[in-house]
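Taking it in order: structure first as structure tokens, then the write-up.
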């Protein structure tokens, strides 16, 4: 597969390494916006540098993603989006995918380990509905340079819990200076040194405490998941998440 990278930070470097190990070729590299093209609807023709690309992997900044998705759909290039912080514009992305018959796969975290953690959390929620003694919370830790807080992954895990646990009906991300609403799921964040990423889902009762935890060893795990996602996206049309890939792997 011939891959173009958009976003040449540390994640771009990791994707380059993992893609090469899996026999793929990096045919083009861009920083944030592709050549700083004009805003919509002035989407230009396919740049020469992308004529040989089979897919794009995008790790840019939230403000760049919607315009970039418009370009990828207009050009007919499948794209994997690893940036968070733009999900309030998912309706626009869906409209573009529908209009141009595009192929976009996005995820707040491309770590296969995080995807497995989400599967575990989802599977135990029906049991927790029968066990009101257990309260739940989500905590994440990232490096001091991370742009968003809480992380997209923490919010994804929190959404799973709120959707699947009847006694929790909303997410609270702010510091609590008084008694927290019993129906709120508290999602907290820390920023510390160079921590790549750590997410904990805690279940606490008067009798014991369970912690389901994922800690990234390096950015290579995210890069591996993004490359696997690009491989899976080839030949498909639609707006997908990593859950769609996992569902196919699980045969569901």
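Quick one: work out the % antiparallel among DSSP beta bridges in the chain, nearest 5.
DSSP beta bridges in the chain are roughly 35 percent antiparallel.
Taking the highest mean first, how do the peptides 93-101, 64-72 order by number of other beta carbon atoms within 10 angstrom per residue?
Ranking the peptides 93-101, 64-72 by packing returns 64-72, 93-101.
Determine the shape class of the range 176-235: with a ≥ b ≥ c the square roots of the Cα gyration tensor eigenvalues, call it rounded for a/c under 1.5, and otherwise prolate if a/b is greater than b/c, oblate otherwise.
It is prolate, given that a/c is not under 1.5 and a/b is the larger ratio.
Where both partners of a DSSP beta bridge lie in the range 112-215, what percent of those bridges are antiparallel, to the nearest 5?
Within the range 112-215, antiparallel bridges account for around 60 percent of the total.
Please label the shape of the range 109-204 as rounded, prolate or oblate, based on the square roots a ≥ b ≥ c of the eigenvalues of the alpha-carbon gyration tensor (a/c under 1.5 means rounded; beyond that, a/b larger than b/c means prolate, else oblate).
Cα axes put the range 109-204 in the oblate bin.
With each pseudo-label sitting 7 Å past Cα toward Cβ, what's the residue 177-residue 27 distance in nm, one decimal?
According to this spin-label approximation, the distance is 5.7 nm.
For a quick check, take a GNM of the chain with Cα springs below 10 Å and name the residue from 171, 144, 56 with the largest mean-square fluctuation.
Greatest mean-square fluctuation among the candidates belongs to 144.
Nearest 10 degrees is fine. How inclined is helix 112-128 to the longest principal axis of the chain, computing both from alpha carbons?
40 degrees
Mean residue ellipticity at 222 nm from the helices of the chain, using -39,500 (n - 2.57) per DSSP H segment of n ≥ 4 over the full residue count, to the nearest 500 deg cm²/dmol?
Rounded to the nearest 500, it is -11000 deg cm²/dmol.
Compute the long axis of helix 90-100 from its Cα atoms, compare it with the longest principal axis of the Cα atoms of the chain, and write down the angle in degrees, 0 to 90, nearest 10.
Here the helix axis deviates by roughly 30 degrees.
Connecting C-alpha atoms closer than 10 Å in a GNM of the chain, tell me which of 147, 14, 53 has the biggest fluctuation.
Among 147, 14, 53, the largest mean-square fluctuation in the Gaussian network model of the chain belongs to 147.
Using a 10 angstrom cutoff on alpha carbons, build the Gaussian network for the chain and name the most mobile of 126, 206, 108.
206
If I fit a long axis through the Cα atoms of helix 220-233 and take the longest principal axis of the Cα atoms of the chain, what angle between them do I get, 0 to 90°, rounded to 10?
It is inclined by approximately 60 degrees.
Rounded to the nearest Å, what's the spacing between the alpha carbon centres of the range 163-219 and the range 54-71? Just the number, please.
For the range 163-219 versus the range 54-71, the Cα centre distance is 30 Å.
Within 10 Å of each residue's Cβ, count the other Cβ atoms and sort 168, 146 from fewest upward.
So the ranking, lowest neighbour count to highest, is 146, 168.
Subtracting the Cα-Cα distance from 0.36 nm times the residue separation, let me have the gained length for residue 2 to residue 184 in nm, one decimal.
That pair, residue 2 and residue 184, stretches by 61.0 nm at full extension.
Between residue 52 and residue 247, what length in nm is gained on full extension when 0.36 nm per residue of separation is reduced by their alpha carbon distance?
Full-extension gain reported as 67.2 nm.
How much length would be gained if the chain were fully extended between residue 101 and residue 133, taking 0.36 nm per residue of separation minus their Cα-Cα distance, in nm to one decimal?
Length difference between fully extended and current span is 6.7 nm.
Suppose each label sits 7 Å from its Cα in the direction of the beta carbon; what would the residue 144-residue 212 distance come out to in nanometres?
Label at residue 144, label at residue 212, 3.3 nm between them.
Each reported figure results from applying straightforward, stated rules to the coordinates on display, with no laboratory input. Fair warning: this is a prediction, and the values are worked out from it, not measured in the lab. Cβ atoms come from the backbone with ideal geometry, glycine included; neighbour counts cover every protein chain shown.
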